[in-house]
Amino acid sequence: MNNYSIEPVVNSELYEVEEIRHLYDLFDVISVHKVQNPLLWGLYTLRKNEMEINTKNIKVNEWFLYHVTATKNVQSIAENNLDWRFTNRCRYGRGVCFSYCPLYANRYASCAQGSTSAVDYDDNLMHLLINMGFPREAIKRALFYTYNQGLECATKWLMDHITDNNFAEPFVPSRHDFNNEISIERAFIICRVLVQRTKDVNVNYNLNVIPNIFDTAKSLNGMVYVKFNDYEFYPQYIVYYREHTTEHNLTQYADPYSCNFNYNYCAEQ
């Protein structure tokens, strides 16, 4: 079993990491967490060393880039990493997509938002909490109101509400609940991403992979980077958020230098 943890980020690190700080300006940030996964980190570091050794004359860039996903996917990503095999939108090849622009990543994320037809409960957390003796309907409430953020959050919610009159009654979220809570369906995954040789590509839904002399596909507008090889990215931070009601203009972020502070332009080699 892969031992990993998701720890809350507090104090100075929230301000020191500019990719996190930038999200506070654009979104309603609920909480920030750091992934501690020695296995994934070791595989990522090994891959970085291999890239540096195999092509010594070309610099291996390490960038912080954004990926947006549904909150129900967070636990799996923290444990197993992002997986291109689950990709269902392949505009620039069948790989894992990242962007230096959080607004772009949020807008084009492939998870549904605002649905009131069903609630996604984390099956793994549900199983663990049932084994701990909590009623299923109470667990549904806990996972709903803590946004599937993890076992610790759900357990705390259950203990805090264990004396509620409706604790174990059938749980059907009201429209008010959905309007106020289910808006947190997404999370930013801020990843370390290795980029050495990029290939500019146009939108092509029939493209699976790029020639193997390249490690990264880049959209012609420069907003999207697609990775095809495992362990060339590491999920460093998880940021749960709500969208602001204020619309932001994406065109102001057309220049990559305006948005990602670790960005160093990597031309196609």
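Summary of computed values
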read-out: Electrostatic dipole magnitude of the range 1-67 [Cβ: Lys, Arg +1; Asp, Glu -1; Cα centre; debye, to 20]; value: 360
read-out: Given charges at beta-carbon only (K, R positive; D, E negative), |dipole| of the range 55-109 in Debye; value: 240
read-out: Which of LYS199, LYS156 is most accessible, then next, and so on - probe 1.4 Å; value: LYS156, LYS199
read-out: Table column - 3J(HN,Hα) (Hz), the range 26-35, Karplus curve with 6.51, -1.76, 1.60, x for Gly and Pro; value: 10, 9, 8, 6, 8, 7, 10, 9, 10, 8
read-out: Accessible area in the full protein assembly, largest first, 1.4 Å probe, for TRP84, TRP41; value: TRP41, TRP84
read-out: Nearest-10 value in Å² for the accessible area of VAL172, using the 1.4 Å probe; value: 120
read-out: Probe 1.4 Å - accessible area at ILE189, Å² to nearest ten; value: 0
read-out: Zone residues, the range 200-221, relative to ILE58, backbone N less than 20 Å from point 7 Å out along Cα-to-Cβ; value: 200-202, 208-221
read-out: With DNA, RNA and ligands ignored, accessible area of ILE139 (1.4 Å probe; Å², nearest 10); value: 0
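The values are calculated or read from the model by the stated rules, or taken from the named source; none is laboratory data. Nothing here was measured: the structure is a model prediction, and the numbers come from that model. All Cβ positions, glycine included, derive from the backbone under ideal geometry; neighbour counts span all protein chains shown. Just so you know, the surface numbers come from the protein's heavy atoms only, side chains and all, with ligands and any DNA or RNA stripped out. Shrake-Rupley method; radii C 1.70, N 1.55, O 1.52, S 1.80 Å.
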